[in-house]
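Down below is the structure, laid out as structure tokens.
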Amino acid sequence: MAMRHDIQRDTWKQQVGSAAATRVENGMIVGLGTGSTAHQFIYALGRRIQDGLRIAGAVASSQDSKDLAISVGISVSDLDTYTELDLYVDGADEVDPQLRLIKGAGGALLREKIVASATRHFIVIADSSKQVARLGTGFPVPVEVVPFGAALVRKRLEALGAAIQIRMLGDTVFVTENSNIIFDCTFAGGIAHPEELDAHLHNIVGVVETGLFLNFAQEAIIAGPDGVKTLSR
């Protein structure tokens with residue numbers, strides 16, 4: 001049963017990736033997200049380019065996404081070249097009814113948020129299991145932290161009510177592409193006031209960025225048992 005569910009979710013990811021790729025127009029500068037769902041968008045965009053679509057350029061939010069994009073024929077540059085994007089497509093760990101997001105399970109939250117901040121239009125793509133009534137009920141909030149003074153940051157996060165797990169990669173501490181570490185923060189009962197929490201988190205010296213993406217996504221393309229639907233904020 002679990003394998004059948006995984007296959008079903010893979011199909012939904014392919015559906016939303018393909019649906020988002022149809023939104024790309026000739027001449028656009030496109031932001032490429034990170035993670036398994038975003039990768040389906042990259043595959044679909046690569047197929048459209050092979051069929052004749054001509055985008056002006058692309059910016060990837062991680063090395064993994066950059067490598068994948070190049071492998072499917074997408075020319076990738078950076079934000080020094082393109083400081084404003086037309087469209088950014090990325091997945092999410094959780095999506096609430098206001099299209100507020102938790103992102104960062106793949107560890108690229110800082111670069112994802114930088115790319116998201118540079119785009120005119122952000123479409124989040126996900127399967128229906130990622131929809132929640134309240135953020136933080138299924139996934140922790142990743143908080144990217146400078147290693148220097150991390151114990152102090154942890155103490156202050158715990159004072160906000162967070163139960164913390166340091167992100168690991170096997171037996172070693174996970175290190176982001178920005179040479180930082182990640183604290184995965186769980187809040188009992190979820191997050192009642194995401195904007196308030198995000199402000200408190202950013203006020204902690206040593207916190208680089210959080211996985212709370214609030215007021216970033218304008219649209220969500222969601223696939224599930226009832227098909228593919230588009231939600232707008």
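Listing for the model above:
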{"item": "Gain upon complete extension [Asp78, Val175; 0.36 nm per residue less C-alpha separation]", "result": "32.8 nm"}
{"item": "Inter-probe distance in nm under a simple model that places probes 7 Å from Cα toward Cβ, at Ser117 and Gln14", "result": "3.7 nm"}
{"item": "Share, in percent, of DSSP beta bridges within the chain that are antiparallel, nearest 5", "result": "60 percent"}
{"item": "For segment 142-196: relative contact order, % (alpha-carbon pairs under 8 angstrom, 6 or more apart)", "result": "43 percent"}
{"item": "24 Å Cα-Cα threshold exceeded, pairs from Lys66/Lys229; Lys13/Lys113; Lys66/Lys113", "result": "Lys66/Lys229"}
{"item": "Karplus (6.51, -1.76, 1.60) ³J(HN,Hα), θ = phi - 60°, over segment 88-95, in Hz, Gly and Pro reported as x", "result": "10, 10, 8, x, 7, 7, 9, 9"}
{"item": "Local electrostatic count, Thr186, Cβ distance below 14 Å [Lys/Arg +1, Asp/Glu -1]", "result": "-1"}
{"item": "Contour excess over end-to-end distance, with Cα ends at Gln63 and Ile166 and 0.36 nm allotted per residue", "result": "34.9 nm"}
{"item": "Residues with amide H under 5 Å from that of Gly104, placed H, sequence gap 5 or more", "result": "Asp93"}
{"item": "Whole-Hz couplings from phi, Karplus 6.51/-1.76/1.60, listed for segment 216-232; x for Gly and Pro", "result": "9, 7, 8, 9, 10, 10, 10, 10, x, x, 9, x, 9, 10, 10, 10, 10"}
{"item": "Ala150/Asn215 FRET efficiency (R0 30 Å; Cβ-Cβ; nearest 0.05)", "result": "0.60"}
{"item": "Cα centroid separation, segment 25-74 to segment 101-147 (Å)", "result": "19 Å"}
{"item": "Size-normalised alpha-carbon gyration radius of the chain, reference 2.2 N^0.38 Å", "result": "1.00"}
{"item": "Dipole-positive endmost among His200, Phe148, Val175 within segment 141-209 (Cβ charges, Cα centre)", "result": "Phe148"}
{"item": "Using θ = phi - 60° and Karplus 6.51 cos²θ - 1.76 cosθ + 1.60, couplings along segment 134-148 (whole Hz; Gly, Pro as x)", "result": "9, 5, x, 8, x, 10, x, 8, x, 10, 7, 10, 5, x, 5"}
{"item": "Computed FRET value (nearest 0.05) for Glu158 with Ser232, which takes r as the C-beta separation and R₀ as 41 Å", "result": "0.65"}
{"item": "Contact order normalised by residue count of segment 1-73, Cα under 8 Å, 6+ apart, percent", "result": "34 percent"}
{"item": "Helix-only CD estimate at 222 nm, as mean residue ellipticity for the chain, using -39500 (n - 2.57) per DSSP H run (n ≥ 4)", "result": "-9500 deg cm²/dmol"}
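Throughout, read-outs are computed from the coordinates displayed, never taken from laboratory work. Values in this document were obtained by computation on a predicted structure and should not be read as measured data. Virtual Cβ from ideal backbone geometry, glycine too; neighbours counted across all protein chains shown.
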